[in-house]
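Notes for the one structure printed next.
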Amino acid sequence: MRYLFIGLIYLSLFVACKKQDPLFDGPGKRPVYISYEELTDIRNEEIQPVTNSGPIFLRDPYLFMVEKKQGIHVFEISNSSDPQPVTFFKIPGVNDFTLSGDFLYADNGPNLVTINISDILNIQVVSIQNEMFQPMLFPPDHEGFFECADPSKGFVSSWKDAILINAACQTW
Amino acid sequence: MSNLVNMKKIIPFFLFVAVLAGACEKQGETFIPNSAQNGNGQSGSITRFAVYGEYLYALDQNQIQVYKFNASGTPVLVNKVETQWGLETIIIYEETIYVGSTTSLYILDITNPENPILLSQTDRETDLAGGCDPVVVKGIYAFSTIKIIPNVCGLVNQTSRLLVYDVSDKTAPVLVGGHDMMMPNGLGYKDNTLFVCDEGAAAVVVFDITDPANCTPISAIDITDPVDVIINGNRMVVSTKTGFSFYDVTNPSQVLSMGSLSF
């Protein structure tokens, strides 16, 4: 039963993902790319507002919080009644991270980055390992047409509403 | 990556994950994960990375990756465990990995950290298929939230739930209890009190888990868009979409607001 269910979905999606004929013109989603070069721009930045938070990690006296696809906020929390932002780690394409000793490990688009954070205000990239994670090539929470993602153009960091011309990909 | 033919093959897989996982991409892990034991700190319940001694475990869409740290701190990939698609969260509790996916709870033994052994994989078809599920473990019980979003995440006629598994036999977890939720996210516990973020209810719902099979809500902490919790001694952090709040949970039946930061 379960496999039938999965099989049907898979089959229908496969069909749905075939090139449309004619191609679709109209409203849909378009990928927003970050160049692979820009992905490596990892550094401290000015503090910034939290707009779309992700995973969190508590290590006194700091609380670390992902800003999806943008970086990691760092807050000083030794006074629970008056937490203060300290810095922001710019990590393009980040969704998640963890800490061990002096190091922070995070996804950086499809790459795995190791960052020395022993000096919280002056972080240093230790290594970037390319293409450890598979990229997401479809818009989440979207039913309809979208411009097919082309990884040769860069890492897909987000999706924006757009009027599409000759769109060939579809989710439903 | 420029191989479009290859891409076309990949897309349907992603679409499949999209439909089942879709709106559930809101990620955000706590109780006392492994990493807390060495004074390293603690994560929330929603995380795709976990550190265990000299090893880093990371989730990709359909594999659990095992890395070993080298002398300079860089993780070196040493093993991979292939799974079905839709992996979402990982936690480590007593030499055991618990992975939440859109379709299953996976349990793996890491007595040998470099070579995780799959002990079991729940088949949620009979209870809940689909969903997004951070997991916390306390003794022989695993608590997991399942977020069902109609037509997007899970089957239409199901509701989101907190699920309680008896994991005394890690090769055969048994669903022993649960409670309906609206749109649950991360969770954590202190002693016999479980805190579950319910975005749908705009609250952190507080459960008495003295008898885990019959967990009952005892109160709710009002907070908009709660995502995840970390409980650190008598202090609880609740993250939200746009900030976080601190609470004093010394007396879990009387949680006190301490401070917050939001934008």
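Taken together, the values in this text are just the output of simple stated rules run on the coordinates, not laboratory data. Small disclaimer: the values here were computed from a predicted structure and weren't measured. Cβ atoms come from the backbone with ideal geometry, glycine included; neighbour counts cover every protein chain shown.
Could you state, as a whole-number percent, how many of the C-alpha pairs of chain A are farther apart than 19 Å?
Every Cα pair in chain A considered, those over 19 Å come to 63 percent.
Sticking with the crude label model, points 7 Å out along Cα→Cβ, report the distance from A:Asp119 to A:Ser158 in nm, one decimal please.
It is 3.2 nm.
Taking θ = phi - 60°, what integer Hz values does the Karplus form 6.51 cos²θ - 1.76 cosθ + 1.60 yield along segment A:136-153, in sequence order, with x for Gly and Pro?
3J(HN,Hα) across segment A:136-153, in whole Hz: 8, 10, 9, x, x, 6, 9, 10, x, 7, 8, 6, 4, 6, 10, x, 5, 8.
What is the distance, in nm, between label points placed 7 Å from the Cα along the Cα-to-Cβ direction at A:Asp60 and at B:Val176?
3.4 nm
Measure off 7 Å from each Cα along the Cα-to-Cβ vector at B:Ser168 and A:Asp102, then give the distance between these two points in nanometres to one decimal.
With each label placed 7 Å out from Cα toward Cβ, I get 4.8 nm.
Under 12 Å from the Cβ of A:Gln124, count the other residues' Cβ atoms, weight Lys and Arg +1, Asp and Glu -1, and hand me the total. Could you put the intermediate results ahead of the total?
Details: positive: A:Arg43; negative: A:Asp102, A:Asp119.
My count for the surroundings of A:Gln124 gives -1.
How large is the helix-only mean residue ellipticity at 222 nm for chain A, computed as the sum of -39500 (n - 2.57) over DSSP H runs with n ≥ 4, divided by its residue count, in deg cm²/dmol to the nearest 500?
-3000 deg cm²/dmol
Which number do you get for Rg(Cα) / (2.2 N^0.38 Å) in segment B:26-262? Walk me through the numbers before you get to the answer.
Values: Rg = 16.9 Å, N = 237, 2.2 N^0.38 = 17.6 Å.
Taking N as the residue count of segment B:26-262, the ratio is 0.96.
Would you please give the FRET efficiency between A:Trp172 and A:Asp25, computed as 1/(1 + (r/R0)^6) with r the Cβ-Cβ distance and R0 = 22 Å, to the nearest 0.05?
Details: r = 18 Å, r/R0 = 0.81.
Using R0 = 22 Å, I get an efficiency of 0.80.
Let me check I've understood the local charge: for A:Gly109, count other residues with C-beta under 10 angstrom from its C-beta, Lys and Arg +1, Asp and Glu -1. What total comes out? Present the calculation step by step, with values, prior to reporting the outcome.
Values: positive: A:Lys69; negative: A:Glu38, A:Asp107, A:Glu131.
Taking every other residue near A:Gly109 into account, the sum is -2.
Between B:Thr159 and B:Ala202, what is the FRET efficiency for a Förster distance of 25 Å, r being their Cβ-Cβ separation, to the nearest 0.05?
Once rounded, the FRET efficiency stands at 0.90.
Under 20 Å Cα to Cα from A:Lys29, which aspartates and glutamates show up? Leave out anything in the same chain fewer than 8 places away.
Output for A:Lys29: A:Asp21, A:Asp141, A:Glu143, A:Glu147, A:Asp150, A:Asp161, B:Glu25.
Only residues of segment A:85-103 count here: report those whose backbone N is under 18 Å from the spot 7 Å along Cα→Cβ of A:Val126, or say none.
It comes to A:89-91, A:96-103, nothing else.
In terms of the Cα gyration tensor, with a ≥ b ≥ c the square roots of its eigenvalues, is segment A:36-129 rounded because a/c is under 1.5, prolate because a/b exceeds b/c, or oblate? Mind dumping the intermediate values first?
Numbers: a/c = 1.84, a/b = 1.49, b/c = 1.24.
Here segment A:36-129 falls in the prolate category.
Mind checking the full-extension length gain between B:Ser72 and B:Glu95? Use 0.36 nm per residue of separation minus the Cα-Cα distance, one decimal, nm. List each step's numbers first, then the result.
Values: separation 23, 0.36 × 23 = 8.28 nm, distance 2.53 nm.
That works out to 5.8 nm of additional length.
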